[in-house]
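**Q** I'd like to ask you about the structure that follows.
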There are 2 protein chains.
Amino acid sequence: MPMRSAEIIAIGSELLLGGRLDTNSLLLTEQLASCGIEVRFKSVVGDEERDIASALRAACQRADVVVLTGGLGPTKDDRTRSAVAHVTERPLRRSKVAAEAIRRRLAAWGRVPSPAQLRQGLIPSGAEVLFNPVGTAPGFALTWNGSFVAALPGVPSEAEHMFAVALSPWLAAKRVKNDSRGCIERRTLHTFGIIESEVDQRLKGLAPADGKIRLGLLVSPLGVTISVMVCGDGATADAKLLEPLTQTIRRRLGKYIYAEGVETMEEVVGRLLTRHHLTVAVAESCTGGLIGHRLTQVPGSSNYFDRGIICYSNEAKQDLLGVPTSSLRRHGAVSMETAAAMAKGVRLRSRTDIGLSVTGIAGPGGGTDRKPVGLVYVGLDAGRATGLRSLRTSRVTTQTFHFHGDRQSIKLKASQAALDMLRRWLVKR
Amino acid sequence: MPMRSAEIIAIGSELLLGGRLDTNSLLLTEQLASCGIEVRFKSVVGDEERDIASALRAACQRADVVVLTGGLGPTKDDRTRSAVAHVTERPLRRSKVAAEAIRRRLAAWGRVPSPAQLRQGLIPSGAEVLFNPVGTAPGFALTWNGSFVAALPGVPSEAEHMFAVALSPWLAAKRVKNDSRGCIERRTLHTFGIIESEVDQRLKGLAPADGKIRLGLLVSPLGVTISVMVCGDGATADAKLLEPLTQTIRRRLGKYIYAEGVETMEEVVGRLLTRHHLTVAVAESCTGGLIGHRLTQVPGSSNYFDRGIICYSNEAKQDLLGVPTSSLRRHGAVSMETAAAMAKGVRLRSRTDIGLSVTGIAGPGGGTDRKPVGLVYVGLDAGRATGLRSLRTSRVTTQTFHFHGDRQSIKLKASQAALDMLRRWLVKR
């Protein structure tokens with residue numbers, strides 16, 4: 001059974017409401033990709049058994065590997081087990097090994113399983129039990145109609161662990177027999193500061209009509225992400241296309257590329273600060289703490305991030321950063337001069353190597369003709385080390401941006417612009 | 001043609017990578033619900049025409065309304081038009097009205113359409129053109145095999161506007177003829193501070209076996225969200241069940257419910273602060289700016305949010321908040337005493353009504369046996385107004401939490417715990 005394509009089915013009526021970060025399928029997509037399997041479809045269904053069954057049937061028709069997540073819990077809403085049993089005509093049987101695993105897991109927490117929790121040990125007959133190294137609900141795997149079907153819990157950390165422990169080795173072993181006609185390798189490159197049509201223009205001619213190479217662009221407030229996929233019949237030969245192609249993209253987009261793969265802007269900045277043994281402090285007005293939050297998402301960030309000042313009011317800008325009242329009065333809180341004074345103030349007062357600042361109008365209110373919503377100033381003060389074009393305030397570099405979008409996306413873009421300014425400065429060192 | 005159930009198909013290879021907030025389908029799900037149509041399935045497919053076609057065929061078999069988003073742009077990757085044309089056997093024709101709309105839109109920006117942009121005016125023959133009030137790509141709608149199919153752009157704001165202007169009135173009009181056997185109304189209630197099994201226990205008996213009422217629980221770092229759905233044959237009679245049911249849930253979960261519907265914790269806190277004419281300042285250690293970021297996501301937050309101090313280093317805690325060195329030495333940076341001193345320090349120095357603080361260990365490093373990863377202290381100082389159980393430091397209330405999860409989710413939980421403590425205090429006033 002060659003395994004090339006996969007479908008992920010996420011189960012849960014609440015997921016249909018949307019508005020959540022789809023962590024689960026991100027992790028599974030990466031894990032499947034590392035086994036050489038391309039996720040071609042994703043589906044979301046509610047808790048209705050007939051809907052789960054319908055999604056499973058459709059998926060088995062078009063994908064070699066079907067991974068279901070969710071609906072394995074102890075409540076009546078958890079109907080993945082019975083839906084799979086029904087579709088595959090393998091009645092649910094009480095699995096002794098599964099029940100024992102549930103008992104052991106709960107015993108470790110000093111508890112005994114309830115009848116509802118023991119129902120989680122019901123597994124379609126003949127299916128293999130997948131142990132849950134993190135939670136109580138076991139998963140299972142079976143083969144039906146030529147497709148490999150695995151049911152995993154809906155909690156991302158549980159699904160990730162179960163996949164890594166129980167499925168990855170097995171699927172990776174299958175890879176050898178894979179004839180790899182699907183997408184065999186993929187790279188992603190993340191850019192900031194360049195618009196989509198300009199990226200498209202610069203990448204012209206890179207994806208010939210034979211369909212072996214696919215380029216995709218995704219626009220978000222964090223920038224334009226390029227994904228490069230190489231597909232083909234002869235796995236090894238085609239995979240060799242990827243590296244020179246990625247090199248060409250790097251050359252054509254240069255400084256706009258801030259990261260590749262799963263690395264984030266804040267991780268790149270953290271890596272560069274660590275490499276250069278530099279510390280940073282931030283002064284945020286319109287971003288309201290988002291830059292600090294992003295920098296501190298990275299484990300170990302306390303080694304280079306000292307503090308952040310969220311100076312929403314003018315008083316806070318004066319008290320905490322020493323922005324001169326005269327400057328605030330003359331140029332306003334949203335001005336190049338204030339951005340420069342904020343960056344300098346936070347660097348001097350925190351005694352860090354670098355001070356980074358943002359001031360702007362996130363909207364929807366507060367805009368004027370001269371200073372519209374989306375106007376953002378970023379300031380970078382690296383003391384004696386600054387080498388970029390210096391402006392009025394000595395040694396501080398500032399940049400002006402005009403962003404579009406709602407409050408949330410203007411905040412995101414402003415935080416990205418500030419971190420990118422810091423990244424570029426660090427790269428040039 | 002009765003319209004009860006819908007499927008949303010999101011198109012774009014990049015979407016298969018996951019890790020993005022699914023704003024688009026959140027908005028569409030709400031818009032469809034307001035027309036009395038329940039989203040029963042969601043699918044994500046790449047840019048391959050055959051995959052789009054396969055998803056469309058499956059969707060038309062199981063849903064009355066199919067909404068496709070994305071793949072309408074000017075590049076070669078945009079294959080929604082041709083996939084729909086192929087499946088429905090309605091060849092693409094150049095639509096004069098669509099081309100004219102594209103020209104007008106670009107003229108407003110002082111530009112003329114490129115041949116690629118004019119390709120966006122190709123529409124399956126006989127389909128209705130949906131004008132795009134925000135961007136250039138027009139959408140279209142047609143009926144095929146008993147299903148109503150609409151193709152909208154992938155950019156959320158464009159899809160939302162197009163739906164509101166072109167589809168909502170039409171679908172809402174259909175509602176009258178609807179026999180409403182699907183889910184007819186839905187409420188969501190958001191809780192924090194109570195675990196899923198306890199919520200499940202408290203809601204026992206509320207969803208009888210006749211299936212008219214469905215309850216769903218969704219666990220995330222922000223808490224447990226309950227969705228209540230009423231389904232049935234006689235729309236009006238059954239809809240009346242919803243309000244008393246919601247009342248019962250409110251009674252059974254009481255103070256744990258922090259919001260209903262689409263309102264967020266930060267919006268609730270903002271609303272309460274505004275009502276009581278109170279201002280707040282925050283002092284954040286392990287949350288790194290996330291509380292400030294969340295508070296400032298709300299438009300108008302500058303009226304009650306003065307400043308935030310992200311004090312990652314001990315020096316910052318001393319310099320900016322006056323946390324005594326002796327206290328830091330004796331109790332440590334992560335302690336009830338430090339949390340209290342931070343809350344008091346930020347309130348006094350910012351001259352706000354309330355000071356809110358968080359200190360803890362977000363991990364993965366930095367934990368010890370006595371102070372493990374996930375230990376978080378929250379402090380609230382409301383000056384003379386504090387009425388809760390006061391601890392050692394006068395007038396400051398503190399709470400201790402032990403959170404599980406990775407760095408990101410511990411930060412989220414800690415920010416939610418702090419905002420919830422503030423919310424409960426404001427509610428009690």
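**Q** Take the conditions open to solvent by 10 Å² or more (accessible area, probe 1.4 Å), part of a helix (DSSP H, G or I), within 14 Å of chain A (Cβ to nearest Cβ) and not hydrophobic (A, V, I, L, M, F, W, C) and apply them to residue B:267. Does it pass?
**A** On the way: open to solvent by 10 Å² or more (accessible area, probe 1.4 Å): yes; part of a helix (DSSP H, G or I): yes; within 14 Å of chain A (Cβ to nearest Cβ): yes; not hydrophobic (A, V, I, L, M, F, W, C): yes.
Yes.
**Q** Among the numbered criteria (1) within 18 Å of residue A:378 (Cβ to Cβ); (2) within 14 Å of another protein chain (Cβ to nearest Cβ); (3) part of a helix (DSSP H, G or I); (4) in contact (Cβ under 8 Å) with a residue 24 or more places away in the chain, which one does residue A:255 miss?
**A** (2)
**Q** Quick check: anything in segment A:273-292 within 12 Å of chain B (Cβ to nearest Cβ), at pLDDT below 95 and in contact with a helix residue (DSSP H, G or I) (Cβ under 8 Å, 6 or more places away or on another chain)?
**A** Looking through segment A:273-292, none of the residues is within 12 Å of chain B (Cβ to nearest Cβ), at pLDDT below 95 and in contact with a helix residue (DSSP H, G or I) (Cβ under 8 Å, 6 or more places away or on another chain).
**Q** Residue A:358: touching a strand residue (DSSP E or B) at 6+ places or on another chain (Cβ under 6 Å) and surrounded by 19 or more Cβ atoms within 10 Å (Cβ to Cβ), yes or no?
**A** In short, yes.
**Q** Still on this structure, please answer the following. Scan (1) closer than 20 Å to residue B:162 by Cβ; (2) hydroxyl-bearing (Ser, Thr, Tyr); (3) at the interface with chain A (Cβ under 10 Å from one of its Cβ atoms) for the single condition residue B:95 breaks and write down its number.
**A** (3)
**Q** Among the residues of segment B:169-216, write down those that are modelled with pLDDT of 70 or more, basic (Lys, Arg) and part of a helix (DSSP H, G or I).
**A** B:202
**Q** Test residue A:295 against the stated conditions and say whether it is among the aliphatic types (A, V, I, L, M), within 11 Å of another protein chain (Cβ to nearest Cβ), open to solvent by less than 20 Å² (accessible area, probe 1.4 Å) and in contact with a Lys or Arg (Cβ under 7 Å, 6 or more places away or on another chain).
**A** no
**Q** So which residues in segment B:62-109 are of a type in the set (A, V, I, L, M) and without any contact (Cβ under 8 Å) to a residue 12 or more places away in the chain, if there are any at all?
**A** Of everything in segment B:62-109, those that are of a type in the set (A, V, I, L, M) and without any contact (Cβ under 8 Å) to a residue 12 or more places away in the chain turn out to be B:107, B:108.
**Q** So which of A:135, A:139 is modelled with pLDDT under 95, crowded, with 20+ Cβ neighbours inside 10 Å and under 26 Å from residue B:220 (Cβ atoms)?
**A** Only one candidate passes the filter, namely A:139.
**Q** Does segment A:10-30 hold any residues that are open to solvent by 30 Å² or more (accessible area, probe 1.4 Å) and at pLDDT 70 or above, and which are they?
**A** A:15, A:26, A:27, A:30
**Q** If you go through segment A:298-340 one residue at a time, how many are more than 8 Å from every other protein chain (Cβ to nearest Cβ), under 17 Å from residue A:381 (Cα atoms), open to solvent by 20 Å² or more (accessible area, probe 1.4 Å) and not in a loop (DSSP other than H, G, I, E, B)?
**A** Qualifying residue count, segment A:298-340: 2.
**Q** Another question about this same structure. Return the residue satisfying two criteria in turn: it lies in segment A:24-75 and is over 23 Å from the mean Cα position of the chain (by Cα) and β-branched (Val, Ile, Thr), and of such residues it is nearest to the other protein chains (Cβ to nearest Cβ). Walk me through it before giving the result.
**A** Kept after step one, since they are over 23 Å from the mean Cα position of the chain (by Cα), are these residues of segment A:24-75: A:46-65, A:71-75.
Those still in the list that are β-branched (Val, Ile, Thr) too: A:52, A:65, A:75.
Details: A:52: 10, A:65: 14, A:75: 6 Å.
That would be A:75.
**Q** Does residue A:116 meet the test of being within 14 Å of another protein chain (Cβ to nearest Cβ), part of a helix (DSSP H, G or I) and of a type in the set (Gly, Ala, Ser)?
**A** yes
**Q** Looking only at segment B:362-371, decide whether some residue is of a type outside the set (A, V, I, L, M, F, W, C) and either closer than 28 Å to residue A:345 by Cβ or touching a residue at least 60 places away in the same chain (Cβ under 8 Å) (or both).
**A** No, the conditions are met nowhere in segment B:362-371.
**Q** Identify, by number, the condition in (1) free of Cβ contacts under 8 Å to residues at least 12 places away in the same chain; (2) among the basic types (Lys, Arg); (3) buried (at least 24 other Cβ atoms within 10 Å of the Cβ) that residue A:347 doesn't meet.
**A** (1)
**Q** Checking residue B:5 against (1) modelled with pLDDT of 85 or more; (2) in contact with a helix residue (DSSP H, G or I) (Cβ under 6 Å, 6 or more places away or on another chain); (3) open to solvent by less than 20 Å² (accessible area, probe 1.4 Å), which test does it fail?
**A** Every listed condition holds for residue B:5 apart from (2).
**Q** Within segment B:51-109, track down each residue that is open to solvent by 50 Å² or more (accessible area, probe 1.4 Å) and assigned to a helix (DSSP H, G or I).
**A** Scanning segment B:51-109 gives B:57, B:61, B:86, B:96, B:97, B:100, B:103, B:104, B:105, B:107, B:108.
**Q** Would you be able to tell me the number of residues in segment B:217-241 that are out of contact with any helix residue (DSSP H, G or I) (no Cβ under 9 Å at 6 or more places or on another chain) and at pLDDT 85 or above?
**A** Total satisfying the criteria: 0.
**Q** While we're on this one: If residue B:291 passes every condition in (1) in a helix (DSSP H, G or I); (2) over 27 Å from residue B:335 (Cα atoms); (3) of a type in the set (A, V, I, L, M, F, W, C) but one, which one does it miss?
**A** (2)
The values are calculated or read from the model by the stated rules, or taken from the named source; none is laboratory data. All figures in this text were calculated on a predicted structure; none of them were measured in a lab. All Cβ positions, even for glycine, are placed from backbone atoms using ideal geometry, and neighbour counts span all protein chains on display. For the accessible areas, the whole protein counts, side chains as well, though only heavy atoms, and no ligand, DNA or RNA atoms are used. Shrake-Rupley method; radii C 1.70, N 1.55, O 1.52, S 1.80 Å.
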